[in-house]
Amino acid sequence: MEHVGFVVLGAGSAGLEAARTVAEAGKQVIVVDPGPPGGLSSLAGCDPKKVLVRASTIYQRCREADLHGLAAAQPELTWSRVISRKHGFTDPVPEQTRKLLAAMPNVELREGYARFTAPNVVSIQGQEISFDGALIATGSHPRPLTLQGFEHLKTSADALDLRQLPESIAVIGGGVVAMELGQLFARLGVRVHLLIRGNALLTAMDADLVYRLLADSDALGMRFHFETEATSIETVPDGYRVIVNRGEPLRVGYVLNAAGRIPSIENLALEAAGIETEDSRLKVDDYLCTTNACVWAAGDAHGRMPLTSVSGYEGRLAADHFLHGPRSSADYSSVPMAVSTDPPLAKVGLLETEANRLGIAYDTVFQVMDDWRLLRIEAEGPGTAKVLYEKHSGRLLGAHLYMPHADNLINLFALAQRHGLTRYDLGEMLYVYPTPTYTIRSLV
């Protein structure tokens, strides 16, 4: 039987980082991926979504040219050209990934399906390989819905490759992807309905800022149906009829399943390796180790914080633990995240509800900046910010931004939180004027 030092299941962000880290330590690594390699983020996630979000935002800005004193012809919307541009980014990824792995010493890519046959053995297309350590970084796929007519549902990958825009769309879900794609299509003139199972949207974000985002999205023409579930989907001559548990049926041209994702681990034969799951996700400890002491997990496979940056970090951390033992636990306390709306919504650190639950005394700085000169000059949308500081020390606890360039600004707050900076440290900084970053002076 062939033997290798480390096996990586999945050639996405986590898998690539783990493979590189272990290989640089002189260990032989086999990376297994069913193909195409490259990972969700690059192929059908963050990168292509950013291309489309940017195009829709530029389209919106062109229609708002008069805000800058410009008279401009209305832009022509040929969405198929935007999709073609997107393919310029996504199509090369598999081959780029193959070349990247081929250039790594001690690394071999094998494209195919893998499954465990023993605690330290995987079978790749029928060929068994024993290993000293392994990483499960197989990513995720859309959560399947069991409603009648589910076969008519489209996924986010489908929506990101849609060459002809429908007149209307029903989006099932109330999370990040639902909001991002919903607003993207609304900016392009599509009538958008969001069907949200609960009574809140984007529950990981600050509720006050989400409320503002809701109001602005409503002004775009988006319609939010809270405590609403689709029960069946029927075809009609002009599209689909979506039956819901409350209210009138919706007639739309497209139905998108954005109700979350689940780990792609169902075909790994985990029981053969003694690997346990919890709520359909891999059960891991604070060091990302599964219930098998020589197998770790990273990224969407356990789903603690399904972000591309976190996946890469976890891949490196798991590899380090394989090489040197559990030296440090996974730390998510200063991880920034953003929702690609217009303007973006971003956060790092604690929500007020979390600080209250932990019994931390804090001060809150809350600013509505719509009329501030710096934002009015750019005319790129409203601005609201909420920042939490520990009461006695002034240490930054959390920052929440809904304003132009929030997805970039939040990184400064993340850096400050990571290094224990206080409101006084942030206040003493000199910032370029006039830029959105300069508004931080008023958030301390």
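Please treat every number below as a calculation from the coordinates, not as lab data. The structure displayed is predicted, hence computed values, not measured ones. As a convention, Cβ positions derive from the backbone with ideal geometry for all residues, glycine included, and neighbour counts pool all protein chains shown.
What net charge is computed for the residues neighbouring Leu162, neighbours being all others with C-beta under 11 Å from the C-beta of Leu162, Lys and Arg scored +1, Asp and Glu -1?
Surrounding charge for Leu162 is +1.
Give me, ordered by chain and number, the residues 5 or more places off Ser232 or on other chains with an amide H under 5 Å from its own placed amide H.
Here Ile243 satisfy the definition.
Just to verify a number: FRET efficiency for Glu76 and Ala157, C-beta to C-beta distance, R0 = 30 Å, to 0.05?
0.65
Treating the chain as a set of equal point scatterers at the Cα positions, no solvent, please give the Debye-formula log₁₀ I(q)/I(0) at q = 0.13 Å⁻¹.
At q = 0.13 Å⁻¹ the computed log10 ratios are -1.28.
Which whole-Hz ³J(HN,Hα) couplings does segment 86-92 yield from phi under the Karplus relation 6.51 cos²θ - 1.76 cosθ + 1.60, θ = phi - 60°, glycine and proline marked x?
4, 5, x, 8, 8, 4, x
Give me the percent relative contact order of segment 1-118, please, defined on Cα pairs under 8 angstrom at least 6 residues apart.
Across segment 1-118, relative contact order equals 36 percent.
Mind jotting down the three principal axis lengths of segment 337-443 based on Cα atoms? Whole angstrom, largest first.
Dimensions of segment 337-443 along the principal axes of its Cα atoms: 40, 28, 21 Å.
In segment 169-203, which residues have a backbone nitrogen under 16 Å from the label point lying 7 Å from Ile58's Cα in the Cα-to-Cβ direction?
Correct set: 188.
Only loop residues by DSSP count here, and only those with at most 10 other Cβ atoms within 10 Å; note down the GluC sites (Glu not before Pro) in segment 1-79 that meet that.
Glu76
With bins 5 Å wide starting at 0, give me the P(r) of segment 345-402 over every alpha carbon pair, in whole percents.
Taking all Cα pairs of segment 345-402, the binned fractions are 4, 19, 24, 19, 13, 11, 7, 3, 0 percent.
Just for the Cα atoms in segment 150-259, what are the lengths along the principal axes, largest first, rounded to whole Å?
Over segment 150-259, Cα extents along the principal axes are 41, 30, 23 Å.
Take the chain, connect every pair of alpha-carbon atoms lying under 10 Å apart with a spring to form a Gaussian network, then pick out the residue of Pro249, Pro382, Pro344 with the largest mean-square fluctuation.
Between Pro249, Pro382, Pro344, it is Pro249 that shows the largest mean-square fluctuation.
How much mean residue ellipticity at 222 nm does the chain get from its helices, if each DSSP H run of length 4 or more adds -39500 (n - 2.57) and you divide by all residues, to the nearest 500 deg cm²/dmol?
Result for the chain: -9000 deg cm²/dmol, rounded to the nearest 500.
Mean-square fluctuation check for the chain, GNM, Cα pairs under 10 Å: which of Pro142, Pro336, Pro237 is largest?
Pro237
Given labels modelled 7 Å from the Cα in the Cβ direction, how far is it in nm from Glu24 to Thr231?
5.7 nm
Quick one: net charge around Gln127, please, counting Lys, Arg +1 and Asp, Glu -1 for every other residue with C-beta under 12 Å from its C-beta.
0
Lysine pairs, Cα distance under 17 Å, 8 or more residues apart or cross-chain: how many in the chain?
So the count of such lysine pairs works out to 4.
Apply the Karplus curve 6.51 cos²θ - 1.76 cosθ + 1.60, θ = phi - 60°, to the phi angles in segment 423-434 and return the couplings in whole Hz, x for Gly and Pro.
Rounded to whole hertz, the list is 4, 6, 4, 5, x, 7, 5, 9, 10, 5, 10, x.
For the pair Gln127 and Tyr332, how long in nm is the line joining their label points, each one 7 Å along Cα→Cβ?
The answer from the label model is 3.7 nm.
Please tell me the relative contact order of segment 144-237 in percent, rounded to the nearest whole number, where contacts are Cα pairs under 8 Å and at least six residues apart.
34 percent
Any idea what the relative contact order of segment 337-443 is, in percent, if you count C-alpha pairs under 8 Å spaced at least 6 apart?
Relative contact order here is 29 percent.
If you take every DSSP beta bridge whose two residues both sit in segment 150-259, what share of them, in percent to the nearest 5, is antiparallel?
Looking only at bridges with both residues in segment 150-259, the antiparallel portion is about 40 percent.
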